[in-house]
Amino acid sequence: MKKVYIVSDGTGETAAQMVKAAMIQFEKDKGESLDVYFTRHKNVREKVQIEGICDEAADAKALIIYTIVSPEIRTALAECAKARGIECVDLIGPLLAGLAGHFGYEPKSIAGLLHNVNEAYFRRIDAMEYTISHDDGRDLSRLGEADLVILGISRTSKTPLSMYLSQQGWKVVNIPIIHGFQTPDEIYKIDQRKVICLTIDPENLTTIRRNRLSRLGQSRGGEYADPDKVNDEIAYADEIFKKNRKWAVFSVTGKALEETAAEII
């Protein structure tokens, strides 16, 4: 059995994936893989860690494959491995040197940057998936996981605002306020400081609703775009909002999504 040590100043996932891709080229007939045992050493960022790894690798007659961005740690590993007669492969050093020469800039040499970027990316994806599945008051069973809960009557930009905030990594639930109907009890069981209330000028909302009906080919909107009914809806929502002083109220009148989102954040 051959042994390979993967050494990284981060999670080692980059090196592992590259090795996995390379190992396909060494498969035996009928797709059988070579008998290789992999050991991963993560978060190697101090010189004191190098000697122990090299001693272990020397005893195991292992190949060391490493992705370390720090020039000092990278050099220390290469010298230590050479002194013990260990074969080693530097996956990232030559690449960084080539890029630095081409761009005329030295790399940051900060460990773990890719992992941080990946974490932020997957956090945003998770937030967007959560927000989509909790749009318009659907599925309140996971309400406690929300970073923000947005309340508002129809056409106050709840959904677009929720989607925009989710792209910044916020898990958002938006719940409609419907005239004559009580808000769900679940809202009052979470941290009340997470609740965001949206209000709007009645004339502005009437215009928005009429424009929407026009786009849908409906010249008459009944109560939906009736100014008196719009006033009643806004008054009803405002009464609900006033019952809890911890709920923050934001007016969306004449504001872009980015502006309202910035105020909320």
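The values are calculated or read from the model by the stated rules, or taken from the named source; none is laboratory data. Everything numeric here is computed off the predicted structure, so don't read it as measured data. Here Cβ is always computed from backbone atoms with ideal geometry, including for glycine, and neighbour counts include all displayed protein chains. Surface accessibility is based on the protein's heavy atoms, side chains included, excluding ligands, DNA and RNA. Shrake-Rupley method; radii C 1.70, N 1.55, O 1.52, S 1.80 Å.
Take the residues of the range 238-254 that are in a loop (DSSP other than H, G, I, E, B) and either among the polar types (S, T, N, Q) or in contact with a Pro (Cβ under 9 Å, 6 or more places away or on another chain) (or both): which is nearest to THR156 (Cα to Cα)?
Here is the first cut: in the range 238-254, the residues in a loop (DSSP other than H, G, I, E, B) are 243-247, 252-254.
Imposing the further condition that a residue be either among the polar types (S, T, N, Q) or in contact with a Pro (Cβ under 9 Å, 6 or more places away or on another chain) (or both) reduces the set to 244, 253.
Numbers: ASN244: 20, THR253: 9 Å.
Taking the candidates together, the pick is THR253.
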Checklist line | Residue list for the range 51-74, filter: surrounded by fewer than 21 Cβ atoms within 10 Å (Cβ to Cβ) and under 23 Å from LYS2 (Cα atoms) | finding: GLU51, GLY52, ASP55, GLU56, ALA58, ASP59, ALA60, LYS61, LEU63
Next item on the list: Provide a single number: the residues in the range 207-237 that are modelled with pLDDT of 90 or more and not in a helix (DSSP H, G or I).
Entry: 1
Next item on the list: Restrict the check to the range 185-197 and report whether at least one residue is among the aliphatic types (A, V, I, L, M) and within 21 Å of the chain's Cα centre (by Cα).
Entry: no
Next item on the list: Kindly list the number of the only condition in (1) on the phi > 0 side of the Ramachandran plot; (2) open to solvent by 30 Å² or more (accessible area, probe 1.4 Å) that fails for GLY112.
Entry: (2)
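Report whether or not THR131 is touching a strand residue (DSSP E or B) at 6+ places or on another chain (Cβ under 6 Å), in a helix (DSSP H, G or I) and surrounded by 13 or more Cβ atoms within 10 Å (Cβ to Cβ).
Yes: the conditions hold for THR131.
For the range 128-145, what are the residues that are of a type in the set (Gly, Ala, Ser) and without any contact (Cβ under 8 Å) to a residue 24 or more places away in the chain?
Of all residues in the range 128-145, those of a type in the set (Gly, Ala, Ser) come to 133, 137, 141, 144.
Across the range 128-145, the qualifying residues are SER133, SER141.
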Item checked: Residue satisfying condition, being surrounded by 11 or more Cβ atoms within 10 Å (Cβ to Cβ), closer than 24 Å to GLU119 by Cα and either of a type in the set (Asp, Glu) or free of Cβ contacts under 8 Å to residues at least 12 places away in the same chain (or both), within set LEU99, LEU95, LEU91 -> LEU95
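Can you tell me which residues in the range 226-258 are among the hydroxyl-bearing types (Ser, Thr, Tyr) and over 31 Å from the mean Cα position of the chain (by Cα)? If you could, list the steps in order and put the result at the bottom.
Here is the first cut: in the range 226-258, the residues among the hydroxyl-bearing types (Ser, Thr, Tyr) are 236, 251, 253.
Within the range 226-258, TYR236 is the sole residue that qualifies.
To keep it simple, each residue is scored yes or no on (1) touching a helix residue (DSSP H, G or I) at 6+ places or on another chain (Cβ under 9 Å); (2) not basic (Lys, Arg).
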| site | (1), (2) |
| --- | --- |
| ARG210 | yes, no |
| LEU213 | yes, yes |
| TYR224 | yes, yes |
| ALA237 | no, yes |
| LYS243 | no, no |
| PHE250 | yes, yes |
| ILE264 | yes, yes |
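Within the range 79-92, track down each residue that is part of a helix (DSSP H, G or I) and within 13 Å of ALA58 (Cα to Cα).
First pass over the range 79-92, keeping only residues part of a helix (DSSP H, G or I): 79-83.
Those that are part of a helix (DSSP H, G or I) and within 13 Å of ALA58 (Cα to Cα): CYS80, ALA81, LYS82, ALA83.
Within the range 23-49, restricting attention to residues that are modelled with pLDDT of 90 or more and among the aliphatic types (A, V, I, L, M), which residue is least open to solvent (accessible area, probe 1.4 Å)?
Taking the range 23-49 and keeping what is modelled with pLDDT of 90 or more, we get 36-49.
Now narrow it down to the ones that are among the aliphatic types (A, V, I, L, M): 36, 44, 48.
Values: VAL36: 36, VAL44: 3, VAL48: 126 Å².
Top of the filtered list is VAL44.
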